[in-house]
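J.: Take this structure first; my questions come after.
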Amino acid sequence: AEFIVQKNKNSYIKNKIETISSLIYDEKAWGAYLNSISINAKKHNIQILNFVNSYSDNNHSSFGHVLDIALEVKGNYLNTIQFINSLEQSELVVDIHDFSIKASDGLNSDINISVWGIVYQ
């Protein structure tokens, strides 16, 4: 009887996890997010100097950051803040975990982003 109860609980949890579509491995959704970065940069008058993304091979866990994005951008202060805010406005679980802003001939920013998710096995 305990086995059946536990099996039903596991089935319930599995079904609930599967309904969290924004967390489950989805290259199409991540591609759309990567595209939105460029769209928001243009919208906020931000120049992208470097844009690198890589899949995080996290074999030890089925949950964690799965897509790493590194941006080097240039723009004025207000536009940069609005751009950073736009990066966080996503249905995906997005984590801006490291950034630096330096003023030289303009305002240069390095922004590191992780998109978190579940790699369903």
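The values are calculated or read from the model by the stated rules, or taken from the named source; none is laboratory data. Bear in mind that the values here come from a model prediction, so they are computed numbers and not experimental data. Using ideal geometry, Cβ is built from the backbone for each residue, glycine included, and neighbour counts are taken over all protein chains shown.
Condition check ((1) under 18 Å from Leu107 (Cα atoms); (2) at pLDDT 95 or above) across all residues:
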{"site": "Ala41", "(1), (2)": "yes, yes"}
{"site": "Ser54", "(1), (2)": "no, no"}
{"site": "Asp57", "(1), (2)": "no, no"}
{"site": "Ser61", "(1), (2)": "no, no"}
{"site": "Glu72", "(1), (2)": "yes, yes"}
{"site": "Asn76", "(1), (2)": "yes, no"}
{"site": "Ile81", "(1), (2)": "yes, no"}
{"site": "Asp95", "(1), (2)": "no, no"}
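J.: Sticking with this one: How about the range 82-100: which of its residues are farther than 20 Å from Lys42 by Cβ and touching a Leu at 6+ places or on another chain (Cβ under 7 Å)?
T.: Within the range 82-100, just Val93 meets the criteria.
J.: Could I ask something else about it? Report every pair of residues separated by at least 6 positions or lying on different chains whose Cβ atoms are under 8 Å apart, first residue within the range 88-113 and in contact (Cβ under 8 Å) with a residue 60 or more places away in the chain and closer than 20 Å to Ala29 by Cα, second of a type in the set (Val, Ile, Thr) and in a strand (DSSP E or B).
T.: From residues that are in contact (Cβ under 8 Å) with a residue 60 or more places away in the chain and closer than 20 Å to Ala29 by Cα, the pairs are Leu92/Val115; Val93/Val115; Val94/Ile113; Val94/Val115.
J.: Okay, next question. Out of all the residues in the range 83-115, which are surrounded by fewer than 16 Cβ atoms within 10 Å (Cβ to Cβ), more than 13 Å from Ser36 (Cα to Cα) and over 12 Å from the mean Cα position of the chain (by Cα)?
T.: Asp98, Phe99, Ser100, Ile101, Lys102, Ala103, Ser104, Asp105, Gly106, Asp110
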